[in-house]
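Let me begin by presenting the structure, written as structure tokens, before commenting on it.
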Amino acid sequence: MMDIFNKIKQLLLPKNKDEINDIIDLSNMSSVKMICIITAIAGVLSMLRYFILYYTNLYVNITTIATIAVILLSLIIAGLSELFLKGKIHGHNVSVCIVYLCIIVISAFSLYTSYSNYKLDRQILVLFIANISIISFILITPLYHVLLLIVENLFFYVLLYCYDGAKDIVFINALLYLVVIVIVCIISYHRMINSIIATYEARQLAEDFYIKSSIDQLTGLMNRYALESIKIKKGVTTHVAMTDIDLFKTFNDTFGHLKGDEVIKMAASNLFIVFRRKDCFRYGGDEFLIMTTKLSEDTFKSRLSTWAKRVYGSKVEGIDTPINVSYGVASGVINTKEDLMELIEKADNELYKIKSIKHNNT
């Protein structure tokens, strides 16, 4: 019995991850914006038709007031959804409020229009079209949506009954419509949610794969693949430093490759303390590349000096020899990958000059 209850609860009141809710919110805001703009345009066209047909005998009635109110409210809701999409306003509860405001406005207007058409012996399709549109484009928790549909339809048929006993309505047809629309509502929600979840999980797998393939396993630094995939910030001054560990081959030859790896890991861990993780790359062997657009050239060089001092002051177990690093710096405005590679080459040339000076002094 509990299993059946839990399945029904999951069907009508599902719990989604915050990440999924964020996707739903953005999707709903796009749909609400589109629906409200279309509603406003339809309202404006309706008012234009009214003015053209009755321009010699214009008068304000309830329909005119309702149409103008719906136009204004639709534009306001469309504006709110646009603010949400641009990040000016945010939050799941805010999104839910905008969605329900949209539904209330659209449903109220479609109810009034269908009721007015019924009194004129016309089709009452507007209410049905509004229901289908909301179900097709807006994701609402099924339980709440079902309750809204039931209340809306009951209210509508009560209005018709009060008007003329709903003499033109076949009760069994109305009930079947409500049952079908409720079933479609639940199926549509879960179909769209499953699609969103599948897309989200596929994207997460792709991101996990990218992260794993972009990170150097020894140091945790970004690797050459990540560097090749980096997005260029056009027209922005970029600072690049090419660095390596002085006399690294000596550490490998004297203490073994495992100790050499520990030296590389120690130098990399100090990079994380001084620079942002995403600005640091293992270029190859004992070579590191640091690249940033967030610092001034003086601050960048100052942090490189800090890093060098931290490495010198750090110890690797079993190695008594002081560990030093060298670096070459280049700065410039880049617009293409080729510009970036030229900047890296300049930094590498500066590193070579500094290494040569150190070697000659030694």
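The values are calculated or read from the model by the stated rules, or taken from the named source; none is laboratory data. Owing to the predicted nature of the structure, the values given are computational and were not obtained by experimental measurement. Positions of Cβ are generated from backbone atoms using ideal geometry, with glycine treated the same way; all protein chains shown enter the neighbour counts.
Specify which of the listed residues (I71, I37, I20, I76) is under 29 Å from the mean Cα position of the chain (by Cα), in contact (Cβ under 8 Å) with a residue 24 or more places away in the chain and within 19 Å of I134 (Cβ to Cβ).
Details: I71 fails: under 29 Å from the mean Cα position of the chain (by Cα); I20 fails: within 19 Å of I134 (Cβ to Cβ); I76 fails: in contact (Cβ under 8 Å) with a residue 24 or more places away in the chain.
After applying the criteria, what remains is I37.
Applying the criterion of at least 3 residues that are more than 30 Å from L13 (Cβ to Cβ) to the helices (runs of 4 or more DSSP H) found wholly in the stretch 49-144 leaves 62-85, 92-119.
The combined condition, being in the same structural domain as I104 (by TED's automatic domain parsing), at pLDDT 90 or above, more than 29 Å from K7 (Cα to Cα) and loosely packed, with under 15 Cβ neighbours inside 10 Å, is not fulfilled by F171.
Among the residues of the stretch 106-125, is any surrounded by 15 or more Cβ atoms within 10 Å (Cβ to Cβ), among the β-branched types (V, I, T), modelled with pLDDT of 90 or more and under 22 Å from I68 (Cα atoms)? Yes - at least one qualifying residue is present in the stretch 106-125. The residue that is farthest from Y200 (Cα to Cα), among those in the stretch 25-53 that are β-branched (V, I, T) and crowded, with 20+ Cβ neighbours inside 10 Å, is T39. Within the option set T56, T63, being touching a helix residue (DSSP H, G or I) at 6+ places or on another chain (Cβ under 7 Å), surrounded by fewer than 20 Cβ atoms within 10 Å (Cβ to Cβ) and hydroxyl-bearing (S, T, Y) holds for one residue only, T63. Among (1) buried (at least 21 other Cβ atoms within 10 Å of the Cβ); (2) over 19 Å from I323 (Cα atoms), which single condition is T293 missing? For T293, the failing item is (1). For G220, the conditions (1) surrounded by 15 or more Cβ atoms within 10 Å (Cβ to Cβ); (2) of a type outside the set (S, T, Y); (3) in a helix (DSSP H, G or I); (4) over 25 Å from the mean Cα position of the chain (by Cα) all hold with the exception of (3).
Within the stretch 324-362, the residues that satisfy the criterion of being over 18 Å from R282 (Cα atoms) and part of a loop (DSSP other than H, G, I, E, B) are N335, T336, T362.
Among residues of the stretch 66-95 being closer than 16 Å to V44 by Cβ and of a type in the set (V, I, T), the one that is surrounded by the most Cβ atoms within 10 Å (Cβ to Cβ) is I77. For the stretch 223-237, filtered to residues that are of a type in the set (D, E, K, R) and either part of a helix (DSSP H, G or I) or at pLDDT 85 or above (or both), the residue that is farthest from L258 (Cα to Cα) is E228.
Which members of the stretch 145-168 meet the condition of being assigned to a helix (DSSP H, G or I) and exposed (fewer than 11 other Cβ atoms within 10 Å of the Cβ)? Walk me through how you get there before you give the answer.
Quick first cut of the stretch 145-168, residues assigned to a helix (DSSP H, G or I) only: 145-164.
Selection gives C162 alone.
Could you tell me whether A206 is at pLDDT 90 or above, under 30 Å from L26 (Cβ atoms) and either under 35 Å from the mean Cα position of the chain (by Cα) or surrounded by 13 or more Cβ atoms within 10 Å (Cβ to Cβ) (or both)? No: the conditions fail for A206. A single entry from T292, T336, T306, T321 fulfils the requirement of being assigned by TED's automatic domain parsing to the domain that holds L247 and in contact with a Phe, Trp or Tyr (Cβ under 7 Å, 6 or more places away or on another chain): T292.
When residues of the stretch 195-216 are filtered for being of a type in the set (K, R) and in contact with a Lys or Arg (Cβ under 9 Å, 6 or more places away or on another chain), how many remain? Steps first, answer last, please.
Residues of the stretch 195-216 that are of a type in the set (K, R), as a first pass: 203, 212.
From what's left, in contact with a Lys or Arg (Cβ under 9 Å, 6 or more places away or on another chain): none.
Looking only at that region, the number is 0.
Kindly provide the set of residues from the stretch 254-301 that are over 24 Å from L340 (Cβ atoms) and part of a loop (DSSP other than H, G, I, E, B), ordered by number. Correct list: G256 only. Within the set N360, N324, the sole residue that is in contact (Cβ under 8 Å) with a residue 60 or more places away in the chain and either loosely packed, with under 12 Cβ neighbours inside 10 Å or within 18 Å of I264 (Cβ to Cβ) (or both) turns out to be N324.
Taken over the stretch 200-252, the criterion of being under 30 Å from F137 (Cα atoms) and free of Cβ contacts under 8 Å to residues at least 24 places away in the same chain is satisfied by E201, A202, R203, Q204, L205, A206, E207.
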